[in-house]
Amino acid sequence: MPKPEPRPVTPDELPAVALAVLDRHRYPMLATLDGNQPRVRPVTATWHDGFTVYFASLKRFHKTGEMTAAPQVELCYLDEDDDQVRITGIAEPVTDSATQEEAFHRDALLRQYLGSPGNPEFTLWRVRPTRVRFMREWALEYHEVPLSA
C-alpha cells in the first residue's frame, strides 16, 4: 500500500490551519510533570483565544498540584484527519471572576457538575503558549506556527 501524500500547507495559511484543529477537537492531551515523571491525560478545553487555551480542573486532581509545582506543560490536539497541533507553554491559574464566569457561560459541563465558579473545588487554568507546532498526517515533520497568529 503506498504512503498517502499529505496536503501541503503554506506558511501564510499555517496559523489558520492549526487553529482549525483546535476548533474541531475539544479534548487535547495535557502533559505535566509529577516530579521527574511525565503524566499525560485528556482535558476538556473550555475555549481558546488564538493559541492560549483555557480549561477547568478540580483542586483535588493531581494535574492541579503538578501544574502548581511545575507550570511547564504541553497540550496535544489530534483531529479526525490525524492533523496534530502541539502547544508548549506555561500553565497559570486564572483567578479573576470575569474570566471564571466566562468559563461557566461557555461550558455546560462546568455548570452541570460544579454549579458556579464559587464552588470551592473549581480551578480555571490558562496555558500561555511559548511554542506552537503543526504536523499534517503522514508528513512526519512539524511546522513552527508563529505565536503572533
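The values are calculated or read from the model by the stated rules, or taken from the named source; none is laboratory data. Quick caveat: nothing in here was measured; it's all calculated off a predicted structure. Note that we place each Cβ from the backbone using ideal geometry, even for glycine, and neighbour counts take in every protein chain shown.
Quick rundown of the values:
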| item | result |
| --- | --- |
| Residue count for the stretch 43-53, restricted to those that are surrounded by fewer than 14 Cβ atoms within 10 Å (Cβ to Cβ) and either modelled with pLDDT under 95 or in contact with a Gly (Cβ under 6 Å, 6 or more places away or on another chain) (or both) | 1 |
| Residue that is nearest to P93 (Cα to Cα) [pool: residues in the stretch 54-67 that are surrounded by fewer than 14 Cβ atoms within 10 Å (Cβ to Cβ) and in contact with a strand residue (DSSP E or B) (Cβ under 8 Å, 6 or more places away or on another chain)] | K59 |
| Number of the condition not met by S148 [criteria: (1) under 15 Å from F51 (Cα atoms); (2) among the hydroxyl-bearing types (S, T, Y); (3) surrounded by 17 or more Cβ atoms within 10 Å (Cβ to Cβ)] | (3) |
| Complete set of residues in the stretch 71-112 that are small (G, A, S), farther than 25 Å from V145 by Cα and touching a residue at least 12 places away in the same chain (Cβ under 8 Å) | S97, A103 |
| Subset of the stretch 120-141 (residues that are more than 17 Å from the chain's Cα centre (by Cα) and surrounded by 15 or more Cβ atoms within 10 Å (Cβ to Cβ)) | F122, R136, A139 |
| Within the stretch 12-47, tally of residues that are closer than 20 Å to R131 by Cβ, without any contact (Cβ under 8 Å) to a residue 12 or more places away in the chain and part of a loop (DSSP other than H, G, I, E, B) | 2 |
| Pick from the stretch 30-42, criterion over 23 Å from N119 (Cβ atoms) and either in contact with a Phe, Trp or Tyr (Cβ under 6 Å, 6 or more places away or on another chain) or hydrophobic (A, V, I, L, M, F, W, C) (or both), ranking: surrounded by the fewest Cβ atoms within 10 Å (Cβ to Cβ) | V40 |
| Output for the stretch 59-91, where each listed residue is over 13 Å from V21 (Cα atoms), touching a Phe, Trp or Tyr at 6+ places or on another chain (Cβ under 7 Å) and part of a strand (DSSP E or B) | A91 |
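Yes/no matrix, rows are residues, columns are (1) farther than 21 Å from R60 by Cα; (2) modelled with pLDDT of 95 or more; (3) of a type outside the set (D, E, K, R); (4) out of contact with any helix residue (DSSP H, G or I) (no Cβ under 7 Å at 6 or more places or on another chain):
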position	(1), (2), (3), (4)
I87	yes, yes, yes, yes
D96	no, yes, no, yes
Y113	no, no, yes, yes
R131	yes, yes, no, yes
A139	yes, no, yes, yes
S148	yes, no, yes, yes
